[in-house]
Amino acid sequence: MIAPARDAERQDMRRTVAAFLDRHAGSARVREVMAGEPGHDVELWRRGAAELGLTAVLVPERCGGLGLDFTDGAAVLEEFGRRVVPTPLPTTLAATAVLARCGTAAADRLLTRIAEDAVSVSVAVAEPAAGWGIEAPTTEATTTATRAGERWELRGAKAYVPHGAAVDVLLVVAREGVLAVEADQPGVVRRGRVTLDQTRRLADVELNGAVATPLPGADAQLLVDLCLVALAVESAAAASACLDMTVEYLKVRHQFGRPLGSFQALKHRCADLAVQVEGAASTAWYAAAAVASGSDELPVVAPLAKLVCADTLMAVAAEAIQMHGGIGFTFEHDAHLYLKRGKADQQLYGSSSQLRRRLARQAVCDDRG
């Protein structure tokens with residue numbers, strides 16, 4: 001249970017982040033960033049790290065961070081998710097949480113850079129041939145790490161890496177485990193993809209003898225699950241913001257001399273969506289709390305939270321476009337940002353059907369065990 005004083009501190013942090021984003025990440029700025037290069041707001045990233053310590057939230061104090069837990073990171077992610085901010089923050093926080101559990105010199109050096117130098121990190125799991133590897137990431141990976149004298153080299157290909165063409169460091173899942181790779185080196189070739197969700201660009205990455213740093217103790221399955229939880233938190237918050245935007249529209253748009261929101265049919269549709277949003281938010285928060293507490297439920301609640309929240313965002317965004325009428329069918333309207341984020345989130349780190357199959361197999365194994 002969260003102590004009241006602790007919860008009050010978290011709410012203060014949430015309000016501070018929200019005010020920061022209201023000043024620097026409005027809808028116009030989001031559209032400007034997603035249409036330009038490198039596809040995420042580098043200036044916002046640096047200001048967030050310098051003024052609020054956003055990259056240091058989950059970094060242990062021994063490495064110069066704030067030493068907070070994953071629920072604090074989730075509170076920050078919610079505010080970014082509400083505004084569909086183009087940012088590598090979800091993967092950076094997921095990577096940070098995994099690195100913090102390693103306790104090795106190599107992991108601590110990278111954590112220090114994340115906290116003090118605002119190094120951005122993405123997570124490379126999927127492969128063109130092997131897929132997402134959401135159940136056994138290292139076993140299903142075809143990317144390999146080999147020792148060449150005093151250094152390790154990576155060879156293989158990764159796909160659908162969030163902001164992979166723009167981040168500073170990649171955490172790559174190989175058959176030998178998780179390795180850190182400096183993204184700007186000759187052995188790494190990064191190609192951006194044309195994506196449906198322009199607020200979250202994806203990249204394909206070729207590793208041609210890329211120099212890598214092994215990260216003993218970095219759990220690849222945990223890394224995947226934390227990415228799922230981060231996406232769940234973002235998706236639930238985006239669904240809430242999209243519904244809020246729709247309700248505000250229904251209050252001011254009039255038809256037959258009455259606000260649209262006064263019609264019973266629309267009230268019922270909004271009420272149904274509100275129930276879905278509340279369920280998604282509760283699911284996401286439960287998963288974030290499971291991460292923070294180190295619960296052994298995480299392999300179940302992480303995929304469950306992601307599929308529930310992504311599906312909810314997609315449902316809310318689709319309904320929002322219908323209830324906005326003709327306005328919603330123009331790309332210039334923000335409802336489309338949420339719709340495309342929702343559709344993309346449904347596929348990232350495993351589709352809803354893939355995650356349901358993973359849950360079904362886990363349920364069968366638990367029943368037999």
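What the table shows:
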| quantity | calculated |
| --- | --- |
| Looking only at the range 150-167, and only at residues there that are in contact with an Asp or Glu (Cβ under 7 Å, 6 or more places away or on another chain) and open to solvent by less than 10 Å² (accessible area, probe 1.4 Å), the one that is nearest to Pro214 (Cα to Cα) | Lys158 |
| Residue in the range 52-70 that is among the hydroxyl-bearing types (Ser, Thr, Tyr), at pLDDT 95 or above and within 21 Å of Leu170 (Cα to Cα) present | yes |
| Residues of the range 319-338 satisfying the condition of being open to solvent by less than 40 Å² (accessible area, probe 1.4 Å) and assigned to a helix (DSSP H, G or I) | Ala320, Ile321, Met323, Gly325, Gly328, Ala335, His336, Leu337, Tyr338 |
| Tabulated pairs, the range 249-266, first of a type in the set (Ser, Thr, Tyr), second modelled with pLDDT of 90 or more and open to solvent by less than 40 Å² (accessible area, probe 1.4 Å), C-beta under 7 angstrom, 6+ apart or interchain | Tyr249/His324 |
| Hits in the range 47-74 (condition: out of contact with any helix residue (DSSP H, G or I) (no Cβ under 7 Å at 6 or more places or on another chain), of a type in the set (A, V, I, L, M) and not in a helix (DSSP H, G or I)) | Leu68 |
| Conditions (1) open to solvent by 10 Å² or more (accessible area, probe 1.4 Å); (2) of a type outside the set (Val, Ile, Thr); (3) part of a helix (DSSP H, G or I); number of the one not met by Gly103 | (3) |
| Hey, Val291 touching a Leu at 6+ places or on another chain (Cβ under 7 Å), closer than 30 Å to Ala145 by Cα, surrounded by 21 or more Cβ atoms within 10 Å (Cβ to Cβ) and touching a residue at least 12 places away in the same chain (Cβ under 8 Å) or not | yes |
| Answer residue from the range 189-207, given it is more than 17 Å from the chain's Cα centre (by Cα) and crowded, with 22+ Cβ neighbours inside 10 Å and is farthest from Leu339 (Cα to Cα) among those | Leu207 |
| The range 31-46: number of residues that are assigned to a helix (DSSP H, G or I) and closer than 21 Å to Tyr338 by Cβ | 6 |
| Residue count, the range 36-70 (criterion: open to solvent by 50 Å² or more (accessible area, probe 1.4 Å) and not hydrophobic (A, V, I, L, M, F, W, C)) | 9 |
| Subset of the range 342-369 that is of a type outside the set (Lys, Arg), in a helix (DSSP H, G or I) and closer than 22 Å to Ser240 by Cβ - its residue that is nearest to the chain's Cα centre (by Cα) | Asp345 |
| Within the range 21-30, tally of residues that are in a helix (DSSP H, G or I) and touching a Ser or Thr at 6+ places or on another chain (Cβ under 9 Å) | 1 |
| Qualifying positions in the range 231-270 - open to solvent by 10 Å² or more (accessible area, probe 1.4 Å), of a type in the set (S, T, N, Q) and modelled with pLDDT of 95 or more | Ser240 |
| Test for Leu313: is it touching a Gly at 6+ places or on another chain (Cβ under 7 Å) and in a helix (DSSP H, G or I) | yes |
| Residue selected from the range 208-230 under the condition open to solvent by 40 Å² or more (accessible area, probe 1.4 Å) and not in a helix (DSSP H, G or I), by the criterion nearest to Gly149 (Cα to Cα) | Val211 |
| Residues within the range 82-127 that are under 14 Å from Pro162 (Cβ atoms), of a type in the set (Gly, Ala, Ser) and touching a Ser or Thr at 6+ places or on another chain (Cβ under 7 Å), tallied | 2 |
| Criterion (of a type outside the set (Gly, Ala, Ser), in contact (Cβ under 8 Å) with a residue 60 or more places away in the chain and part of a loop (DSSP other than H, G, I, E, B)) met by exactly one of Val205, Val167 | Val167 |
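Yes or no, residue by residue, for (1) touching an Asp or Glu at 6+ places or on another chain (Cβ under 8 Å); (2) within 23 Å of Leu207 (Cβ to Cβ):
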| residue | (1), (2) |
| --- | --- |
| Ala75 | no, no |
| Arg83 | no, no |
| Ala97 | no, no |
| Asp108 | no, no |
| Ala115 | no, no |
| Ser120 | yes, yes |
| Val123 | no, yes |
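The values are calculated or read from the model by the stated rules, or taken from the named source; none is laboratory data. Source: prediction; values computed, not measured. Note that we place each Cβ from the backbone using ideal geometry, even for glycine, and neighbour counts take in every protein chain shown. With ligands, DNA and RNA removed, areas are computed over all heavy atoms of the protein, side chains included. Shrake-Rupley method; radii C 1.70, N 1.55, O 1.52, S 1.80 Å.
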